[in-house]
Amino acid sequence: MAVTSLQRSALYPGVPTVDEAGVKGYEVNTWFALMAPRATPQAITKRLREALHRLLGLAEVTRRFEELGVTAGDL
């Protein structure tokens, strides 16, 4: 058993990564994106980005992500 990220999971610190298990450089992650049509006004995309930053900064969101083993990446 191993995790597929390059770092060990905070949920399962005793479980090695695939890289540590011998498959050097192996990394598989899932990602999600919030997208808008190309013609969306910049003011709207700015508001969406700011709202997303606020949500990701909430302790309850961070806690739930941690429970799920999710790490929010760069926006």
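The values are calculated or read from the model by the stated rules, or taken from the named source; none is laboratory data. Keep in mind it's a predicted model, so treat the numbers as computed, not measured. Neighbour counts are summed over all protein chains in view; Cβ atoms, including those assigned to glycine, are modelled from backbone coordinates with ideal geometry. Quick note on the areas: whole protein, heavy atoms, side chains included, nothing else; ligands and nucleic acids left out. Shrake-Rupley method; radii C 1.70, N 1.55, O 1.52, S 1.80 Å.
How many residues does region 1-16 hold that are hydroxyl-bearing (Ser, Thr, Tyr) and either open to solvent by 100 Å² or more (accessible area, probe 1.4 Å) or in contact with a helix residue (DSSP H, G or I) (Cβ under 7 Å, 6 or more places away or on another chain) (or both)?
Residues that pass the stated criteria total 1.
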The correct count of residues that are without any contact (Cβ under 8 Å) to a residue 12 or more places away in the chain, within 22 Å of Leu6 (Cβ to Cβ), open to solvent by 80 Å² or more (accessible area, probe 1.4 Å) and under 17 Å from the mean Cα position of the chain (by Cα) in region 17-66 is 2
